[in-house]
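Student: Before we start, here is the structure in question, set down as structure tokens.
The values are calculated or read from the model by the stated rules, or taken from the named source; none is laboratory data. All of these numbers come straight from a predicted model, not from anything done at the bench. Every residue, glycine among them, receives a Cβ derived from its backbone with ideal geometry; neighbour counts consider all protein chains shown. We work out accessible area using only protein heavy atoms, side chains counted, and drop any ligands, DNA or RNA first. Shrake-Rupley method; radii C 1.70, N 1.55, O 1.52, S 1.80 Å.
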Number of protein chains: 2
Amino acid sequence: MQSREVHLVRRPDGMPRPSDFEIREVALSEPADGQVLVKNVYLSIDPATRPRLTRGQELNVVMGGFALGRVVKSRTPNLKEGDIVRGAFGYREAYVTDARYVGRVDIDPKLPLAIYMSVMGGAGFVAYGGLLEIGKMKSGEQVFVSTAAGSVGSLAAQIARLKGCTVIGSTGSDDKVAWLQSLGLDAVINYKKEPIREALDKAAPKGIDVYFDNVGGDHLEAALRKMNSLGRIAVCGMISTYNDQQIGVRNLSLIIYGRINIRGFVTTDFPHLLPQFNEEMTGWLRDGKIKYQETYFDGIDNAPAALIGMLNGENTGKTLVRLG
Amino acid sequence: MQSREVHLVRRPDGMPRPSDFEIREVALSEPADGQVLVKNVYLSIDPATRPRLTRGQELNVVMGGFALGRVVKSRTPNLKEGDIVRGAFGYREAYVTDARYVGRVDIDPKLPLAIYMSVMGGAGFVAYGGLLEIGKMKSGEQVFVSTAAGSVGSLAAQIARLKGCTVIGSTGSDDKVAWLQSLGLDAVINYKKEPIREALDKAAPKGIDVYFDNVGGDHLEAALRKMNSLGRIAVCGMISTYNDQQIGVRNLSLIIYGRINIRGFVTTDFPHLLPQFNEEMTGWLRDGKIKYQETYFDGIDNAPAALIGMLNGENTGKTLVRLG
């Protein structure tokens, strides 16, 4: 059986270009004992891929990235044909692998499958665990979410609301402000129109108990000034520093008398929350309580364009490549 | 009965001067029901007093500061004559107060009384709780302590060693390096002779699991580069920022993939550890396993000089005023 996959063939300098990638056809072997053959259905396009193009992603091999696929042949008792699995080297149509390298996803047939790559996938789980486990968020607290219109931020903001918190979001365009207001956030800041510090002073009269940080830099400085005693800062990303604009945070000493906790985290930090997340988020989705936006690209040939569009900020919400 | 006390009469601009303070004599009333008369024995001179001289400390009233005193008259069943108590408004020879404003100190008569203002007082407890509760330090870990020759840092460094950790300390003079080496630290950095970043690269080949931070700024940046996964930074102070030299920390994004925890704390954050601290530290002191340095001044008249000497860096170890 043949499959096509995306290889990085040249390390980009700044924004990646289509010529940095090549689509290559490979022949798949038959699955051996303990192996499965998986056909990918959806490929998740994520910001974290960009730094790996500079360092981490090998040249001339299949590119890393999460994909959701269907088992089409199984030679392990743990997986059967038709099972939906998540794998980490996703920029390809199909692959054969040892079963231990994929994770079976327990899907709800009433929900669209693509949702397991966004709301029910890493984006949703990192928002959920970041607030509850890392941020130790409790009902009634004041929560600030930066890049609140992003795929993770918009879920963090909505989860915080559903959990009974007052939610302030920051974003960078009027369209996104309007969308966040339609989600019911208590205050929305357009940080491109007003300095984040002054805006937050106005938007957070009761201070901040939990800051879900995707930005770092000036957003983190502004939040530190507003943190309530024993407040928690859950650091999911620091996009302000990704392009080597290493902006210093100058008021960290505020954490001492405020007894503030700052914790960086990744999605593997709270595996014990997964069953609870699956159940609660499925319920919210069925009840129409979570809204999300997606941008689709079709076919593996368009995976580089999907990635470049996301990095350019041209895509809305979660970016996915449909392979099925 | 008469008592003399120190009042702040002028807010200092930069380093305080003797003329910023006055010694005033006050008449004490007889203790009423529920009150005690306390004669102070030792006054603790602490760095945290300096910012309060600019904001916090009222003018022309007794100055705040911890003191250890002896109850000489009691009209409460909870305290009896001879009891040793700790109070918060310490720049005075004697005072009458409601019993609830002082805390009885359970002393070990085999230890010198002054130790309850240093090793067995706030300095020791903040070092102990900072490492164990905030830093979640475990035996065998790599621990870095900045200002390791200070009254808190030197105790943190020794506690970490006694708990079976590898300990790296930083300090700013060769004399202090020599003293820290005599305490058995595994590596000692003189940050005035070598940039902290390069020095820490050499001194911490196994990285850092717990950083007990008294400095912030460049020390924190250097430590962040060396933190092991799931490392903990317990922030006790950020002396590099106290004089408005707001140096930014530029590499905070390292906490994300490192899943580093940064927590500011104060001595009241772990009251449940107090009995355990008292028992363990008393044992170490009796066994001669903890070393400490003290500088004494005699009489309330010399309290301003004691404070100025400490802020100038002229005193060695813990600064105390003897009043008894």
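Student: With the structure loaded, tell me whether residue A:235 is within 30 Å of residue A:174 (Cβ to Cβ), facing chain B (nearest Cβ under 9 Å) and modelled with pLDDT of 95 or more or whether it fails that test.
Tutor: Working: within 30 Å of residue A:174 (Cβ to Cβ): yes; facing chain B (nearest Cβ under 9 Å): yes; modelled with pLDDT of 95 or more: yes.
So residue A:235 passes the test.
Student: Across region A:70-91, which residue is modelled with the lowest pLDDT among those that are under 24 Å from residue A:7 (Cα atoms) and within 24 Å of the chain's Cα centre (by Cα)?
Tutor: A:89
Student: Which of the residues spanning region B:221-232 are touching a residue at least 60 places away in the same chain (Cβ under 8 Å) and more than 10 Å from chain A (Cβ to nearest Cβ)?
Tutor: B:223, B:226, B:228
Student: Out of (1) touching a residue at least 24 places away in the same chain (Cβ under 8 Å); (2) outside any loop (DSSP other than H, G, I, E, B), the odd one out for residue A:202 is which?
Tutor: Residue A:202 satisfies every listed condition except (1).
Student: Another question, then. Does residue A:67 satisfy the criteria of being touching a residue at least 40 places away in the same chain (Cβ under 8 Å) and not acidic (Asp, Glu)? Spell out the reasoning first.
Tutor: On the way: touching a residue at least 40 places away in the same chain (Cβ under 8 Å): yes; not acidic (Asp, Glu): yes.
Yes; evaluated as a whole, the condition is true for this residue.
Student: I'm trying to understand the selection: among the residues of region A:128-146, which are of a type in the set (A, V, I, L, M) and closer than 15 Å to residue A:168 by Cα?
Tutor: Filtering region A:128-146 down to residues of a type in the set (A, V, I, L, M) leaves A:131-132, A:134, A:137, A:143, A:145.
Listed by number, the residues that qualify are A:131, A:137, A:143, A:145.
Student: For residue B:268, which of the numbered conditions (1) in contact (Cβ under 8 Å) with a residue 12 or more places away in the chain; (2) open to solvent by 30 Å² or more (accessible area, probe 1.4 Å); (3) over 27 Å from residue B:109 (Cβ atoms) fails to hold?
Tutor: It fails just one condition, (1).
Student: Got a sec? Which strands (runs of 3 or more DSSP E) wholly within region B:3-88 have at least 3 residues that are farther than 23 Å from residue B:109 by Cα and open to solvent by 70 Å² or more (accessible area, probe 1.4 Å)? Walk me through how you get there before you give the answer.
Tutor: On the way: elements: B:21-27, B:35-45, B:67-74, B:84-87.
Filter on region B:3-88 gives B:21-27.
The rows are residues; the columns are (1) open to solvent by 10 Å² or more (accessible area, probe 1.4 Å); (2) assigned to a helix (DSSP H, G or I); (3) more than 14 Å from chain A (Cβ to nearest Cβ).
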| residue | (1), (2), (3) |
| --- | --- |
| B:179 | yes, yes, yes |
| B:188 | yes, no, yes |
| B:209 | yes, no, yes |
| B:240 | yes, yes, no |
| B:252 | no, no, no |
| B:257 | yes, yes, no |
| B:282 | yes, yes, yes |
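Student: Spot the failing condition for residue A:273; the list is (1) open to solvent by less than 10 Å² (accessible area, probe 1.4 Å); (2) touching a Leu at 6+ places or on another chain (Cβ under 8 Å); (3) under 23 Å from residue B:259 (Cβ atoms); (4) more than 7 Å from chain B (Cβ to nearest Cβ), and only one is missed.
Tutor: So residue A:273 meets the others, but not (1).
Student: When you look at residue B:215, is it assigned to a loop (DSSP other than H, G, I, E, B) and surrounded by 16 or more Cβ atoms within 10 Å (Cβ to Cβ), yes or no? Let's see the steps before the verdict.
Tutor: On the way: assigned to a loop (DSSP other than H, G, I, E, B): yes; surrounded by 16 or more Cβ atoms within 10 Å (Cβ to Cβ): yes.
Criteria met by residue B:215.
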